[in-house]
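Participant: Would you mind keeping the following structure in view while I ask a few things?
The values are calculated or read from the model by the stated rules, or taken from the named source; none is laboratory data. Please read these numbers as outputs of a predicted model, since none were measured by experiment. Cβ placement follows ideal geometry from the backbone for every residue including glycine, while neighbour counts extend to all protein chains displayed. The area values use the complete protein model at the heavy-atom level, side chains included, leaving out ligands, DNA and RNA. Shrake-Rupley method; radii C 1.70, N 1.55, O 1.52, S 1.80 Å.
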Amino acid sequence: MAARPALRSAARALRPSFRSCSCPSARYAKPFSTSPLPQKPAPTPNNPDASSFSDKTTHFGFEDGLSEAEKTERVAGVFHSVAESYDRMNDLMSFGWHRIWKDHFVSSLNPGLSSHNPPTPQNILDVAGGTGDIAFRMLHHAHQLNRNPDVRVTISDINTSMLAVGKQRSLKLPASQQTALSFLPADATVLPAALAPNSFDLYTVAFGIRNFSNIPQALREAYRVLKPGGVFACLEFSKVGNPLLNAVYKRWSFSGIPMIGQLVAGDRDSYQYLVESIERFPSQDEFRDMIVDAGFVVGGEGYENLTGGVAAIHKGMKPLDAK
């Protein structure tokens, strides 16, 4: 009986908490870093474009001391393995909450909104978006809700298996949305030169940035390709503030998720890595500061917690006077 109040408290904490950044002020502004990018080792067969890797070490889940090239290769192996079951596993791992988070993420960005007639065209880059979950939602929102057919989305992903799933799923979209989509195999830390500076209105990444081998460099690339006034928006797992909810969440993450990965996808190790990668990802404040260090301006706290901090939305704007 004594446990019931604690359980009720945990249940209340699990309800979605969409705390908006209501403060209009732009804080934490710092100059954009113009230091040259580090050189990386020679290309490898699994990673022909190796120009983004530095000689710094990084981690793969709880394993430290890996080169950036090695992490990229091992993360690629994880997502090649889970591509076919990825969306089904997201439902099982989050009890369907990832759909609510993604819907809210897209609604908060309101793609396609324009006060002009005809509507102003918008160019969106969805990074690590292989299976299309975010891109398809943005196109529906822009084309159907905001009646703006001039919104185009490029889905970029380093993993060709994930892109293949997205391409197959896109065949179910209306023809007008299919023609507004393009797919691009690319490393987020060194986007192709074809993605010119100041060319996108919106850059999104959902549940992907924690897997990047060099997050600060990926943020600099996001800054490079966004237009002045363009928005960087990230949805990612984060840190839970409520101690009771955090204990329940950790227990589920490290016990339940790898077990479901084994039962449903026959791949415990990949899902063990995904859980560990969530644990190693920076806190909300730490990631906010990384976004600011890349040159973006943030409003209010710079992030919005979802479901008590299980996930969070981060946004930053490229200054209007940026070169």
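Participant: Conditions first: (1) open to solvent by less than 40 Å² (accessible area, probe 1.4 Å); (2) closer than 24 Å to Ala69 by Cα. Pro111 passes all but one, so which condition is the exception?
Facilitator: So the condition that Pro111 fails would be (2).
Participant: Would a scan of segment 252-267 turn up a residue that is within 19 Å of Phe287 (Cβ to Cβ), at pLDDT below 95 and open to solvent by less than 30 Å² (accessible area, probe 1.4 Å)? Break it down into steps so the answer makes sense when it comes.
Facilitator: The initial filter retains those residues of segment 252-267 that are within 19 Å of Phe287 (Cβ to Cβ), namely 253.
Retained after the next criterion (residues that are at pLDDT below 95): 253.
Adding the requirement that they be open to solvent by less than 30 Å² (accessible area, probe 1.4 Å) leaves 253.
There is at least one residue in segment 252-267 that is within 19 Å of Phe287 (Cβ to Cβ), at pLDDT below 95 and open to solvent by less than 30 Å² (accessible area, probe 1.4 Å).
Quick grid of which residues meet (1) open to solvent by less than 60 Å² (accessible area, probe 1.4 Å); (2) touching a strand residue (DSSP E or B) at 6+ places or on another chain (Cβ under 8 Å); (3) not aliphatic (A, V, I, L, M):
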{"site": "Asn146", "(1), (2), (3)": "yes, no, yes"}
{"site": "Met162", "(1), (2), (3)": "yes, no, no"}
{"site": "Lys167", "(1), (2), (3)": "no, yes, yes"}
{"site": "Leu171", "(1), (2), (3)": "no, no, no"}
{"site": "Pro174", "(1), (2), (3)": "no, no, yes"}
{"site": "Ala180", "(1), (2), (3)": "yes, yes, no"}
{"site": "Ala188", "(1), (2), (3)": "yes, yes, no"}
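Participant: Using the structure shown, decide if His140 is touching a residue at least 60 places away in the same chain (Cβ under 8 Å), assigned to a helix (DSSP H, G or I) and either of a type in the set (A, V, I, L, M) or surrounded by fewer than 24 Cβ atoms within 10 Å (Cβ to Cβ) (or both).
Facilitator: Working: touching a residue at least 60 places away in the same chain (Cβ under 8 Å): no; assigned to a helix (DSSP H, G or I): yes; either of a type in the set (A, V, I, L, M) or surrounded by fewer than 24 Cβ atoms within 10 Å (Cβ to Cβ) (or both): yes.
Judged against the criteria, His140 is not a match.
Participant: Looking at segment 112-143 only, could you name the residues that are out of contact with any helix residue (DSSP H, G or I) (no Cβ under 8 Å at 6 or more places or on another chain) and either over 23 Å from Leu235 (Cα atoms) or aromatic (Phe, Trp, Tyr) (or both)?
Facilitator: Ser114, Ser115, His116, Asn117, Pro118, Pro119, Thr120, Pro121, listed by residue number.
Participant: Still on this structure, please answer the following. In segment 224-323, which helices (runs of 4 or more DSSP H) lie fully inside it and hold 2 or more residues that are in contact with a helix residue (DSSP H, G or I) (Cβ under 6 Å, 6 or more places away or on another chain), over 30 Å from Ser199 (Cβ atoms) and in contact (Cβ under 8 Å) with a residue 60 or more places away in the chain?
Facilitator: Details: elements: 243-251, 257-260, 268-280, 284-293.
By residue number, 243-251, 257-260, 268-280.
Participant: Kindly indicate the residue of segment 85-99 that is assigned to a helix (DSSP H, G or I) and aromatic (Phe, Trp, Tyr) and also modelled with the lowest pLDDT among those meeting that condition. Before the answer, list the steps.
Facilitator: Initial filter on segment 85-99 (assigned to a helix (DSSP H, G or I)): 85-94, 97-99.
Among the residues that remain, those that are also aromatic (Phe, Trp, Tyr) are: 86, 97.
Numbers: Tyr86: 73, Trp97: 91.
The qualifying residue modelled with the lowest pLDDT is Tyr86.
Participant: Taking the options Thr154, Thr131, name whichever one is within 12 Å of Pro185 (Cβ to Cβ) and either among the β-branched types (Val, Ile, Thr) or open to solvent by 70 Å² or more (accessible area, probe 1.4 Å) (or both). Give the steps one after another, and end with the answer.
Facilitator: Details: Thr131 fails: within 12 Å of Pro185 (Cβ to Cβ).
The conditions single out Thr154.
Participant: Still on this structure, I have one more. Going through segment 178-214 one residue at a time, which ones are outside any loop (DSSP other than H, G, I, E, B) and either over 15 Å from the mean Cα position of the chain (by Cα) or among the small types (Gly, Ala, Ser) (or both)? So that I can check it myself, show each step before the final result.
Facilitator: The first filter runs over segment 178-214 and keeps only residues outside any loop (DSSP other than H, G, I, E, B), leaving 178, 181-185, 200-206, 209-211.
Correct list: Gln178, Leu181, Ser182, Phe183, Leu184, Pro185, Phe200, Asp201, Ala206.
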